[in-house]
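To start, the structure under review is shown below, and the notes come after it.
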Amino acid sequence: MTPGCVRATAALVLIGLAGAASQAQAPQRRDASGQPVVVPSGSGRLGGTVHDTSNAPVPRATVTIVGDMQLSRSLVTDEAGRFLFDNLPRGRFTVTAEKGAYPSMSYGATRPNRPGAGILLAEGQAVTDLALTLARGAVVTGVVYDEHGVPRPDTAVQAWIVRTSLTGERTLAMGSAVVSSDDRGMYRIFNLPPGEYTIGTAWYFGGDAVRVPTDAEIREAFLAASRPQAAPTSSPTTPPAPAVAPPRFGYAPSYLGGTTDPLAATTLTLGPGDVRENVDLHVQFEPMSRIEGAIVAPDGTPVAGASVVLFRHNKVGPRPTTFFGAGPTGLFTTASLAPGQYSVLALTNGPIAGPASTADGSRFWALADVVIAGAEPAQVTLRLQPTMTMSGRLVFPADATPAPDPTKVRLNLLALEGTNATPNNTSTRIEPTGHFAMSGVTPGRFILMATVIGAPGWAATSVTIDGRDVMDRPLEIGTVDPPDVVVTFSNQATDLSGVVRAPAGQLASDYFVVAFPADEAYWTPLSRRIKSTRPGADGRYDFAGLPAGEYKVAATTDLTGSDLQDHGVLAELATHAIAVTLAPAEKKTVDLKLGGGAAASTARGSKR
């Protein structure tokens, strides 16, 4: 054995010993109820090598395996890029490698930061020829400049991933950690996976507003300092008229192309290991303003103590929201705000005094949209009105034996992203007859979710308003009580199942199977028609409870949870998907045969 082999073997032994020691000293894991978690073990082994794109070994890469029963282990590769896990039980495992400037790569994945393929390990089986390839991440560097073209140090910057929402609109998601420009105004973002990006200030960026003195004010200040002081006089003088408040300025969130509009920003398409230099960012110093408002009752009298929620309209990352309270006279003033579109929502904790008070103690609300385009404060009056009540009835089949208890149904309004709704404060009363009333409803776009507690197999099949089924579409609630709602339930669920076969014909478990509507109108957030699953060891997949309708079914090795909210991903899957139609209560088997960029299928079905 050569000295190099001896060193490599010793490194593996040391790594194994260190891992064993750390496991021995680690506290015993416990589940949510506090009970000890028994981590399974066995005699299986998983090992392999980690290389870079030039086939050179990657030493000291961190390799992590995750298996069934909460099993998770990590170690680092030796000088030859090798790793080995032993004492493993039977089951499915994912294997992921990462190191410094290399985005993480999972075994079987085609791109970084993806789940990859699972490895099914039999009892006592040894799989030691796994190969993972790490590609260096892309790098973007540049200088942050202020409004005068002067380098600006200590500015928070990050890369933003350009995506497409389910509605087809361009949006952004955070794609890197936040970095700060150095004393020269330079920033450097590295470890970026391939994709389309823009560069902008961090999601929380925005300086405090300051007043910039005018040239005339500066001249007057110097002249006043050089004038002799006038002798005091006892004669009364007329106080000067109050000066108009001068505008205040601040740095607004900014993106490539010198814009504050994230959806108009210049974009970059980055490949593995790309280095983009001189990608300069010019932050915008803009007039800042504020919103000054008054909260009044329906008769115009001031209302004290209301809660105020300020929303900024954007399609970037988290929706910025600020909570504060109105003063004792019902007046409020926001902090300094950059130009943009905002909404202000006022809510009371209960009824208000006076003739407008409600007998049932309902809260009151008011909502206003405000556009800030300059330095002048925006004035708004929020006139309160009672929250709405959504009434309706729950319908179970007449021949159901036994029929579930309607009072055990739970109804929830889930607010869709981009709305001002506050549905968590609703209160629902359900009668034994199935009639219900949900009070405390505010305007917005919602999905109505209905769950039958303690009755397995029962699920809502439709939510009807004015003869239209809106269960799988956004429910728009305006400023008046919505029409009556009819929620229909059934225990006759559909089932779509089958097996997945790889191109060579063998049963395949290392895929994700995705079912989604053929009609893009149903591509909405929180949709119960968009589902994914992973086949078991026998290659079998199953979708239970899909609503009746027309679907596309596709298999892929490359999927994350966020992909199911991306229009572009679903559109790509549709190009090699098969069409499936599900009738109410139908049980259909669709076997997928993969290969040639498309999925062939054999289908057979029956109605229960």
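Readers should treat all values here as calculations from the given coordinates under stated rules, not as data from a laboratory. Here the structure is a predicted model, which means the values were calculated and not measured. For neighbour counting, all protein chains shown are included, and Cβ atoms are generated from backbone atoms with ideal geometry for every residue, glycine included.
Worth a mention:
- Distance from the range 477-544 to the range 124-198 (C-alpha centre basis), Å: 33
- Under 5 Å, built H, 5+ apart or other chain: amide partners of MET288: ARG248, PHE249, GLY250
- Charge context of LEU192, other residues only, Cβ under 13 angstrom, K/R +1, D/E -1: +2
- Where trypsin sites (Lys or Arg not before Pro) fall in DSSP loop in the range 110-177, at most 10 other Cβ within 10 Å: none
- From least to most packed, judged by other beta carbons within 10 angstrom and beginning with the fewest, ASP299, ASP591, ASP405, ASP399 follow the order ASP399, ASP299, ASP405, ASP591.
- Stokes-Einstein D for the range 465-590, Kirkwood Rh over Cα pairs, 10 °C, 1.306 mPa s (µm²/s): 99
- A simple spin-label model places the labels of SER72 and ILE218 5.6 nm from each other, with each point 7 Å out along Cα-to-Cβ.
- For the range 121-128, the Karplus equation 6.51 cos²θ - 1.76 cosθ + 1.60, evaluated at θ = phi - 60°, returns couplings of 10, 7, 4, x, 6, 10, 10, 10 Hz by residue, with Gly and Pro reported as x.
- Karplus 3J(HN,Hα) series, Hz, for the range 265-271 with 6.51 cos²θ - 1.76 cosθ + 1.60 (x for Gly, Pro): 6, 5, 10, 10, 9, 10, x
- Built amide H within the under 5 Å cut-off of ALA306, gap 5+: ALA326
- Charge dipole of the range 128-178 about the Cα centre (unit charges at C-beta), most positive-ward option of VAL162, GLY149, LEU130: LEU130
- Ranked list, fewest to most other Cβ atoms within 10 Å of each Cβ, for MET186, MET69: MET69, MET186
- Dimensionless Rg ratio for the range 388-490, taking C-alpha atoms and the 2.2 N^0.38 Å reference: 1.04
- Exposure proxy order (Cβ contacts within 10 Å, fewest to most) of PHE85, PHE436: PHE436, PHE85
- Residues in the range 481-495 carry Karplus couplings, in order, of 4, x, x, 4, 10, 10, 10, 9, 10, 7, 10, 9, 7, 7, 8 Hz; the curve used is 6.51 cos²θ - 1.76 cosθ + 1.60 with θ = phi - 60°, and Gly or Pro positions show x.
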